[in-house]
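First up is the structure itself, then whatever we jot down about it.
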Amino acid sequence: MAASSSPQPQFMTSPANKTHSNQPLIDDIEYDQIVVPDKKSWKNIFSYIGPGFLVSIAYIDPGNFQTDLQAGAQYKYGLLWIILLASFAALVIQSLAANLGVVTGKHLAEHCRKEYAKVPNFILWVIAEIAIVACDIPEVIGTAFALNMLFKIPIWCGVLITGLSTLTLLLLQQYGVRTLEFFIAFLVLTVAICFFVELGYAKPDSSEVLHGLFVPQLKGTGATKLAISLLGAMVMPHNLFLHSALVLSRKIPRSVNGIKEACRYYLIESGLALMLAFLINVSVISVTGAVCNSPSMSPDDQEKCQDLDLNKASFLLKNVLGNWSSKLFAIALLASGQSSTITGTYAGQYVMQGFLDLRLKPWIRNFLTRCLAIVPSLVVSLIGGSGGAGNLIIIASMILSFELPFALIPLLKFTSSKTKMGSHANPVAVSAATWVIGTLIMGINIYYLAEKLVTSLKDSHLGKAVKVLCGLLGASCLLVYLSSILYLAFRKNKEGTHLLALTGQEGLQVSELNNLPREDILRMQLPQQRTTN
């Protein structure tokens with residue numbers, strides 16, 4: 001019997017946890033959730049605003065700033081088109097992640113656990129955890145650089161101090177989802193204002209900026225490496241897991257029209273947030289390109305532009321634009337690093353819960369992630385100084401780019417499957433566009449790996465036998481990488497979804513509502529207040 005004949009509560013307890021599964025969970029526990037009115041109105045969009053801004057912070061984290069600075073210093077505005085394409089791809093991909101959570105009531109990591117066997121599922125979990133650590137390294141180093149700029153704290157001390165961000169995260173947990181979303185939005189706006197002010201003072205040539213945005217070009221092998229780093233810093237694997245889970249904090253009308261409206265408004269909300277992130281990235285590259293290519297630069301400043309990192313950018317802006325510019329950059333960097341820490345921790349929570357059905361307290365999860373990121377950052381900063389720490393950010397961004405297919409392909413497969421999404425599956429045009437985007441990303445990665453292997457062996461001074469051995473080893477690794485991608489791409493989906501009316505009829509079956517969403521997700525949801533009657 002369809003639920004459309006009588007209204008059904010959305011949030012229900014699982015039969016395994018409650019004796020009376022039809023009793024609304026919200027009657028027992030008061031969660032800080034946003035309820036979307038069950039009526040058509042443009043004002044509903046305000047109920048959906050939030051998750052997109054939490055996701056967008058990953059597109060303006062210190063890793064993005066590092067690659068943006070190098071792109072602007074070395075190639076002026078020539079790589080802006082990468083930012084434009086990556087932002088467009090990010091909007092499409094993030095909207096699919098949101099749709100998956102809205103339609104099925106499960107996030108991406110949970111679908112992977114249900115779909116794949118134990119070994120592939122475990123490997124995907126390990127890859128996702130590595131991606132989160134690789135994303136966390138730039139946040140640690142970026143925060144350390146910001147502390148150095150503001151308070152003259154040594155980089156290695158700043159790396160240790162970033163572990164205290166756990167206290168900030170714990171402090172936010174008592175204030176609820178909406179407060180966290182407003183806080184992150186405030187940090188994003190802080191970053192935007194800082195760079196927009198610097199953009200207005202640097203005054204880059206608008207015609208050259210537009211040419212860089214809309215005319216693709218890659219001059220030299222170094223440009224290819226930076227392009228991959230920019231792509232890896234823009235489209236991050238952990239963001240797909242995060243966005244598909246964040247949308248579960250909304251209590252949307254569980255009808256076909258309600259689901260369609262939620263998907264549409266999440267697309268608009270993500271577009272607004274990612275547009276702001278796009279403008280920030282363009283501003284960083286444009287400011288750096290204008291400063292490093294200024295004819296009035298001193299020889300010392302020109303030398304700094306040859307190997308520009310977050311720390312050198314501070315002194316460069318100070319000498320060229322003034323002391324206030326350096327402070328603005330440091331404030332933006334600090335806001336970016338701290339907000340990225342918060343979203344990265346929750347992404348780790350959802351990844352661990354989804355793949356392994358294992359949940360940790362947020363402070364434990366944050367502590368473990370901090371340690372895994374702090375150790376390599378501390379070692380590199382002690383040995384290589386700020387230059388070595390800056391190179392580590394580039395390496396981390398490249399790792400994210402290479403790992404992206406292992407989150408992107410399952411997302412494309414699941415959202416294009418009618419057995420999982422029913423009438424809300426991707427249209428043919430959307431599926432074709434997303435697969436083209438995914439194929440281009442994977443093609444760039446494979447091309448760069450093969451080119452790097454050949455050039456490294458060609459320029460090395462090793463003996464022929466060693467070169468042959470290294471070549472075989474590298475080719476084997478590349479073959480394994482390619483085979484893993486092909487396995488995910490051509491493997492047929494087996495598990496269906498029983499959380500929606502696949503026929504497209506209005507309403508859901510009563511039995512299908514029992515787990516929408518499950519209590520374990522609600523308990524691990526973003527910071528929330530809980531009051532037991």
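Can you spot a residue in the range 436-447 that is over 18 Å from Ser397 (Cα atoms) and open to solvent by 50 Å² or more (accessible area, probe 1.4 Å)?
Kept after step one, since they are over 18 Å from Ser397 (Cα atoms), are these residues of the range 436-447: 436-437, 439.
Next, only the ones that are open to solvent by 50 Å² or more (accessible area, probe 1.4 Å) stay: 436, 439.
Looking for residues that are over 18 Å from Ser397 (Cα atoms) and open to solvent by 50 Å² or more (accessible area, probe 1.4 Å), one finds at least one in the range 436-447, hence yes.
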Members of the range 104-126 that are open to solvent by 30 Å² or more (accessible area, probe 1.4 Å) and within 21 Å of Ile399 (Cα to Cα): Pro120, Phe122, Ile123, Trp125, Val126
Any hit, the range 291-304, residues being outside any helix (DSSP H, G or I), closer than 27 Å to Met398 by Cα and modelled with pLDDT of 80 or more: yes
Residues of the range 33-75 satisfying the condition of being touching a Pro at 6+ places or on another chain (Cβ under 9 Å) and outside any helix (DSSP H, G or I): Val36, Pro37, Asp38, Lys39, Asp61
Residue among Ser397, Ser483 that is open to solvent by 50 Å² or more (accessible area, probe 1.4 Å), in a helix (DSSP H, G or I), hydroxyl-bearing (Ser, Thr, Tyr) and closer than 21 Å to Val126 by Cα: Ser483
Within the range 80-103, tally of residues that are hydroxyl-bearing (Ser, Thr, Tyr) and either on the phi > 0 side of the Ramachandran plot or crowded, with 23+ Cβ neighbours inside 10 Å (or both): 1
Pick from the range 115-140, criterion of a type in the set (D, E, K, R) and at pLDDT below 90, ranking: farthest from Asn64 (Cα to Cα): Glu129
Some residue of the range 135-144 being open to solvent by less than 10 Å² (accessible area, probe 1.4 Å), in a helix (DSSP H, G or I), small (Gly, Ala, Ser) and over 30 Å from Pro427 (Cβ atoms): yes
Tabulated pairs, the range 311-327, first in a helix (DSSP H, G or I), second open to solvent by 20 Å² or more (accessible area, probe 1.4 Å), C-beta under 6 angstrom, 6+ apart or interchain: Asn311/Ser386; Lys312/Lys304; Leu316/Lys304; Leu321/Tyr201; Ser326/Lys318
Qualifying residue in the range 332-340 (condition: surrounded by 21 or more Cβ atoms within 10 Å (Cβ to Cβ) and farther than 15 Å from Asp61 by Cβ): no
Out of Phe414, Phe406, sole residue that is assigned to a helix (DSSP H, G or I), of a type in the set (Phe, Trp, Tyr) and open to solvent by 20 Å² or more (accessible area, probe 1.4 Å): Phe406
Single condition Leu267 does not satisfy, out of (1) in a loop (DSSP other than H, G, I, E, B); (2) farther than 23 Å from Leu316 by Cα; (3) open to solvent by 20 Å² or more (accessible area, probe 1.4 Å): (1)
Cβ-Cβ under 7 Å pairs, at least 6 apart or on other chains, the range 230-249 side within 26 Å of Tyr77 (Cα to Cα) and open to solvent by less than 10 Å² (accessible area, probe 1.4 Å), far side at pLDDT 90 or above and of a type in the set (S, T, N, Q): Met234/Ser87
Number of positions in the range 292-310 that are closer than 20 Å to Asp205 by Cβ, without any contact (Cβ under 8 Å) to a residue 60 or more places away in the chain and crowded, with 17+ Cβ neighbours inside 10 Å: 2
All positions within the range 417-427 that are over 22 Å from Leu486 (Cβ atoms) and either touching a residue at least 40 places away in the same chain (Cβ under 8 Å) or open to solvent by 50 Å² or more (accessible area, probe 1.4 Å) (or both): Lys418, Met421, Gly422, Ser423, His424, Pro427
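Just the residues that are closer than 30 Å to Tyr448 by Cβ and either in contact with a His (Cβ under 8 Å, 6 or more places away or on another chain) or free of Cβ contacts under 8 Å to residues at least 60 places away in the same chain (or both), please, taken from the range 181-217.
First pass over the range 181-217, keeping only residues closer than 30 Å to Tyr448 by Cβ: 191, 195, 204, 208-217.
Answer for the range 181-217, where residues must be closer than 30 Å to Tyr448 by Cβ and either in contact with a His (Cβ under 8 Å, 6 or more places away or on another chain) or free of Cβ contacts under 8 Å to residues at least 60 places away in the same chain (or both): just Leu210.
The values are calculated or read from the model by the stated rules, or taken from the named source; none is laboratory data. Not measured: the values here are computed from a predicted model. We place every Cβ from the backbone using ideal geometry, glycine too, and count neighbours over all the protein chains shown. In case anyone asks, the SASA skips ligands and DNA or RNA and just uses the protein heavy atoms, side chains included. Shrake-Rupley method; radii C 1.70, N 1.55, O 1.52, S 1.80 Å.
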